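Okay, so here's the structure we're looking at.
The values are calculated or read from the model by the stated rules, or taken from the named source; none is laboratory data. As the structure is a prediction and not an experimental result, all values here were calculated from the model. Every residue, glycine as well, gets a Cβ built from its backbone with ideal geometry; the counts of neighbours run over all protein chains shown. The protein model used for the area step is the full one, side chains on, heavy atoms only, and it has no ligands, DNA or RNA in it. Shrake-Rupley method; radii C 1.70, N 1.55, O 1.52, S 1.80 Å.
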Amino acid sequence: MPWTLDAEQIPALARGAAVLGTGGGGDPHIGALLATQALNTHGPVEVVSVDEVPADARVVMVAMMGAPTVMVEKLPSLDEVVTPVRALEPFLGGPITHIACAEVGGVNSTIPIVAAAAMGLPLVDGDAMGRAFPELQMVLPTLAGVAASPMAFADDKGNTGVLTTIDNAWAERIARVACVEMGCSVMIAIFPQSGEQLSHTMVGGSLTKAAAIGRAIAAARSANEDPVARAVDELAGRQLFAGKVVDIERATTTGFARGRARIEGDAGALELSFQNEHLLAQADGVVLATTPDLIIVLEHDSGEPITTEGLRYGQRVRVIAAPSDERWHSTEALALVGPRYFGYDMEAHRFDGVREVA
């Protein structure tokens, strides 16, 4: 059944999406502010499940592309979010009928809410990853043979472009160069699809799941229970490590926030490696979890998710791991988002430490 999303539900949804975002996807606070403004200005958004979208619908995914560190100082306007969607319509043979999320992480779970509210369109309850990944071809539509282009992008200065590329990897390469030149942060509209295709290209119910995680963390705090343990239960995951951040190395390069963090605790030391999102967790040289499963950093006591750009020296944190959508564990998917793609010479390890052989 469709449900109505209003401004009061945004804090829980943004918190849960930041958990699912594995450290990436942009600042959830900024995303919540944008979504709240859009909903207060234009009214609530109707959210529909994947199977409720008509087969002949024109669906477009809306997102922020670039380094999450930049968006903290480069807040997009409502017009900037809508512009790439409107720019695509002449290439699709008619108006867009539905908005969808490319990823459920951080700000990219709420940017589509902004577009849906401003345009008066329904929002699909799902996303193309079930988490966040740093490159635009790293989505289930790619595995299903759906093209990213035509894709449109727009910046805060009024520049707009539409790309048509030979494959999704080229869409990432060309758009990333444009993104860097446009200030390392742009709004994009990508992966135009029919409603019929969504069952193969979306993780259904991810917005509902994000909101449930966010509410569970808040409820645990109110009840003086452990919010991190509640998050682990909601995710069907496990806690990997607890300790204090003692070193953080982070730089914005080629449109990504790349770096490492070292956490020390009673059990030794844990090192996290990230490119926008956390990709690898190792404790004293032992691999505990890798992409494509979820590696998540939560504040030790409150359970609030901490993004990769929000990691700071001295923070007390707990690191948890959770399973990704099973489709990410196929041989083809591991070639697209596994550790070797990012330059780590190792096989993927699932959230429970089991090694995968691609």
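Select, from Pro339, Pro323, the only residue that is under 17 Å from the mean Cα position of the chain (by Cα) and either over 17 Å from Arg262 (Cα atoms) or not hydroxyl-bearing (Ser, Thr, Tyr) (or both). Being under 17 Å from the mean Cα position of the chain (by Cα) and either over 17 Å from Arg262 (Cα atoms) or not hydroxyl-bearing (Ser, Thr, Tyr) (or both) holds for just one of Pro339, Pro323, which is Pro323. If you check Met151, Met187, Met202 for being within 29 Å of Gly16 (Cβ to Cβ) and in contact with a Leu (Cβ under 6 Å, 6 or more places away or on another chain), only one passes: Met151. The residue list Val232, Val287 contains one member that is outside any strand (DSSP E or B), touching a residue at least 24 places away in the same chain (Cβ under 8 Å) and farther than 22 Å from Asn108 by Cβ, which is Val232. Please tell me if Pro84 is at pLDDT 95 or above, in contact with a Gly (Cβ under 6 Å, 6 or more places away or on another chain) and on the phi < 0 side of the Ramachandran plot. Against the criterion (at pLDDT 95 or above, in contact with a Gly (Cβ under 6 Å, 6 or more places away or on another chain) and on the phi < 0 side of the Ramachandran plot), Pro84 does not qualify.
Among residues of the range 65-81 that are modelled with pLDDT of 80 or more, those with a Cβ under 8 angstrom from a residue that is surrounded by fewer than 17 Cβ atoms within 10 Å (Cβ to Cβ) and acidic (Asp, Glu), sequence gap 6+ or separate chain, pair up as Glu80/Asp156. Please go through the range 270-284 and pick out each residue that is over 17 Å from Ala322 (Cα atoms) and either out of contact with any Phe, Trp or Tyr (no Cβ under 9 Å at 6 or more places or on another chain) or without any contact (Cβ under 8 Å) to a residue 12 or more places away in the chain (or both). Glu271, Asp284 - these are the residues of the range 270-284 that are over 17 Å from Ala322 (Cα atoms) and either out of contact with any Phe, Trp or Tyr (no Cβ under 9 Å at 6 or more places or on another chain) or without any contact (Cβ under 8 Å) to a residue 12 or more places away in the chain (or both). Here is the figure for the range 1-41: residues that are open to solvent by 10 Å² or more (accessible area, probe 1.4 Å), farther than 22 Å from Leu136 by Cα and not in a helix (DSSP H, G or I) total 5. Set side by side, the residues Gly353, Gly303 differ, and just one is modelled with pLDDT of 95 or more and in contact with a strand residue (DSSP E or B) (Cβ under 9 Å, 6 or more places away or on another chain), which is Gly303. Counting only residues that are assigned to a helix (DSSP H, G or I) and among the small types (Gly, Ala, Ser), which one in the range 333-355 is least open to solvent (accessible area, probe 1.4 Å)? So the residue we want is Ala333.
Would you check if Gly237 is small (Gly, Ala, Ser) and touching an Asp or Glu at 6+ places or on another chain (Cβ under 8 Å)? Before the answer, list the steps.
Working: small (Gly, Ala, Ser): yes; touching an Asp or Glu at 6+ places or on another chain (Cβ under 8 Å): no.
For Gly237, the condition - small (Gly, Ala, Ser) and touching an Asp or Glu at 6+ places or on another chain (Cβ under 8 Å) - is not met.
A single entry from Ser302, Ser330 fulfils the requirement of being within 20 Å of Glu135 (Cα to Cα) and open to solvent by 10 Å² or more (accessible area, probe 1.4 Å): Ser330.
When you scan the range 149-223 for helices (runs of 4 or more DSSP H) that lie fully inside it, which ones turn up with 1 or more residues that are open to solvent by 10 Å² or more (accessible area, probe 1.4 Å), of a type in the set (Ser, Thr, Tyr) and in contact (Cβ under 8 Å) with a residue 24 or more places away in the chain? Can you show your working first?
Values: elements: 168-181, 198-201, 206-222.
Output list reads 198-201, 206-222.
Would you mind stating whether Val47 is more than 14 Å from the chain's Cα centre (by Cα) and either buried (at least 24 other Cβ atoms within 10 Å of the Cβ) or free of Cβ contacts under 8 Å to residues at least 12 places away in the same chain (or both)? Please lay out each step first, then the result.
Numbers: more than 14 Å from the chain's Cα centre (by Cα): yes; either buried (at least 24 other Cβ atoms within 10 Å of the Cβ) or free of Cβ contacts under 8 Å to residues at least 12 places away in the same chain (or both): no.
It is false that Val47 is more than 14 Å from the chain's Cα centre (by Cα) and either buried (at least 24 other Cβ atoms within 10 Å of the Cβ) or free of Cβ contacts under 8 Å to residues at least 12 places away in the same chain (or both).
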